[in-house]
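The structure appears right after this line, and notes come after that.
The values are calculated or read from the model by the stated rules, or taken from the named source; none is laboratory data. Small disclaimer: the values here were computed from a predicted structure and weren't measured. All Cβ positions, glycine included, derive from the backbone under ideal geometry; neighbour counts span all protein chains shown.
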Amino acid sequence: MYSETAIPMTSARSGPLKGRVRAPGDKSISHRALILAALAVGRTRISGLLEGEDVLNTAKVLRLLGATVERVGEGVWHVDGVGVSGFAQPRDTLDFGNSGTGCRLMIGAVAGCPITATFDGDASLRKRPMQRVLDPLVRMGARAVMMADGGRLPLTLAGARDPIPIVYEPPAASAQLKSAALLAGLGAPGATTVIEKEATRDHTERMMRHFGADISVEVVGHGRRITLQGQPELVPADIKVPADPSSAAFALVGALLVPGSEIIFEGVMTNPLRAGLLQTLKEMGASIETLAQNSDGGEDTADLRVRTSTLRGVEVPPERAPAMIDEYPILAVAAAFAEGVTTMRGLKELRIKESDRLTATADMLRVNGVEVEVVGDDLIVHGKGRAPGGGLVATHMDHRLAMSALVMGLAADKPVTADDTSFIATSFPTFAPMMRGLGASFK
Ligand code: S3P
């Protein structure tokens, strides 16, 4: 999959990675901050917003829907909202580019408003399933006027005139499904309830509460029962976006693998529903020390000191997947450099990310001489304490594969090339300069 705009990049064995860095603002929280601010009445100030393409597309879409969204400084944005159910009829297609999160959350938000909008995205997003997002929204009164075959984009959605509150049990552990239903529920009178069998990232719930919504969360086994009282008046509430643990993950694994490294990461969000990678790496023997603990925007954060470590293979249980769903490609890289087998179980959801990440992660390792198997929905990496490297990695329009491949090259015997790094700009536009600043050799 080569495009004319592809930007290949090669990483090579590097000296120690050293320094003190702050990863960019969390992507999940950045989307939600913009969306909920756009549904509040009055002005919200957001600082530390991730200025990656995915989030910028959400900002652009919110403008098309009538909110005023302005950048007033680096990472600082003002949003003047239109109130719950207040989105205006857009005059253009809502184009989300590569972003599944932006698109799915906004499908939910639009479903609770009496407007009709067309949703679209790039070639990667057009391959991803949208039908399952729509299922609860149709029960709430929204209607797909037009949709591409197989429940894909482009999609024209007519929002519900009088949204009906429902009780919804998502068919998969997905924060996007949960959040779409809750955002639609903002427009419905009475209680919308989401019952999750496995808890997923809870940023929507936390942020709705931050904006004054009445939302309660009950722990039920491994899952949650979430009840939102609809038609609240959302009150503007300033937000400081914490550093994204899913972005910090790349330099963090780089520090573990490149001999002599030591990096301090500032203000990384430590929400337990996002902390699966840290837990797994610690089980593998990683030296990750928690320094100062703090909080930002209703989320706990910590400064972390990470030092080069000898890693051993571990078994990663399926129930941990929701807490580290975006981190499997970079964990697989760490597993290649560990001694022994790492088995990552229950990765079905990985097949429908920006790429089929399960297959693509296995291919990334294989092309670099690492022994790897995909058995059903499990990924099994046979770690040998080193990786031969020398491969050309197909990144399939997937930012996380590109960054994982480049981290691999920093410690592999031979350089590793990612065929296209242009999509890194969707989530982490400062990745290459930040890594170079730490000592990474990227060409
Ligand atoms: C996200 C949820 C996850 C994750 C994505 C961000 C979110 O997707 O992969 O990068 O912000 O809600 P699913 O909820 O579909 O697993």
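Residues in the range 173-212 that are part of a helix (DSSP H, G or I) and hydroxyl-bearing (S, T, Y) were compared, and the one that is nearest to the ligand (Cβ to nearest atom) is S179.
Condition check ((1) in contact with an Asp or Glu (Cβ under 6 Å, 6 or more places away or on another chain); (2) in contact (Cβ under 8 Å) with a residue 24 or more places away in the chain; (3) not in a loop (DSSP other than H, G, I, E, B)) across all residues:
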residue: E4; (1), (2), (3): no, no, no
residue: T10; (1), (2), (3): no, yes, yes
residue: G19; (1), (2), (3): no, yes, yes
residue: S28; (1), (2), (3): no, yes, yes
residue: R32; (1), (2), (3): no, yes, yes
residue: A37; (1), (2), (3): no, yes, yes
residue: T44; (1), (2), (3): no, yes, yes
residue: L62; (1), (2), (3): no, yes, yes
residue: R71; (1), (2), (3): no, no, yes
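P170 satisfies every condition listed in (1) within 13 Å of the ligand (Cβ to nearest atom); (2) touching a residue at least 40 places away in the same chain (Cβ under 8 Å); (3) not small (G, A, S) except (2). Taking the condition small (G, A, S), under 24 Å from A432 (Cβ atoms) and either in the same structural domain as T116 (by TED's automatic domain parsing) or surrounded by fewer than 20 Cβ atoms within 10 Å (Cβ to Cβ) (or both), does A12 pass? The answer is yes for A12.
For the range 189-200, the tally of residues that are buried (at least 23 other Cβ atoms within 10 Å of the Cβ) and either under 24 Å from G83 (Cβ atoms) or within 15 Å of the chain's Cα centre (by Cα) (or both) stands at 3.
Does G340 satisfy being at positive phi, more than 13 Å from the ligand (Cβ to nearest atom) and either of a type outside the set (S, T, N, Q) or in contact with a Phe, Trp or Tyr (Cβ under 6 Å, 6 or more places away or on another chain) (or both)? For G340, the condition - at positive phi, more than 13 Å from the ligand (Cβ to nearest atom) and either of a type outside the set (S, T, N, Q) or in contact with a Phe, Trp or Tyr (Cβ under 6 Å, 6 or more places away or on another chain) (or both) - is met. Any residue at all in the range 52-59 that is part of a loop (DSSP other than H, G, I, E, B), acidic (D, E), within 16 Å of the ligand (Cβ to nearest atom) and surrounded by 23 or more Cβ atoms within 10 Å (Cβ to Cβ)? There is no residue in the range 52-59 that is part of a loop (DSSP other than H, G, I, E, B), acidic (D, E), within 16 Å of the ligand (Cβ to nearest atom) and surrounded by 23 or more Cβ atoms within 10 Å (Cβ to Cβ).
Residues are listed down the side, and each one gets a yes or a no for (1) over 24 Å from A321 (Cα atoms); (2) surrounded by fewer than 20 Cβ atoms within 10 Å (Cβ to Cβ); (3) modelled with pLDDT under 95; (4) in contact with a strand residue (DSSP E or B) (Cβ under 7 Å, 6 or more places away or on another chain):
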| site | (1), (2), (3), (4) |
| --- | --- |
| A411 | yes, no, no, no |
| A418 | yes, no, no, yes |
| F428 | no, no, no, no |
| F431 | yes, no, no, no |
| L438 | yes, no, no, yes |
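Residues in the range 279-327 that are in a helix (DSSP H, G or I) and away from the ligand (no atom under 16 Å from the Cβ): 5 in all.
Looking at the range 323-365, which of its residues are farther than 19 Å from V253 by Cα and of a type in the set (D, E, K, R)? Within the range 323-365, R345, K348, E349, R351, K353, E354, D356, D363 meet the criteria. Exactly one residue out of G52, G66, G81 is in contact with a helix residue (DSSP H, G or I) (Cβ under 7 Å, 6 or more places away or on another chain) and more than 30 Å from R305 (Cα to Cα): that is G81.
Residue pairs whose Cβ atoms lie under 8 Å apart, sitting 6 or more positions apart in sequence or on different chains, and linking a residue in the range 270-295 that is buried (at least 19 other Cβ atoms within 10 Å of the Cβ) to a partner that is among the small types (G, A, S) and part of a strand (DSSP E or B), are T270/A302.
Would you mind stating whether R126 is free of Cβ contacts under 8 Å to residues at least 40 places away in the same chain, over 23 Å from A191 (Cα atoms) and away from the ligand (no atom under 16 Å from the Cβ)?
Spelling it out, R126 is indeed free of Cβ contacts under 8 Å to residues at least 40 places away in the same chain, over 23 Å from A191 (Cα atoms) and away from the ligand (no atom under 16 Å from the Cβ).
Of the residues that sit in the range 73-93 and are in contact (Cβ under 8 Å) with a residue 40 or more places away in the chain and part of a strand (DSSP E or B), which one is farthest from the chain's Cα centre (by Cα)? Ranking the candidates gives V82 first.
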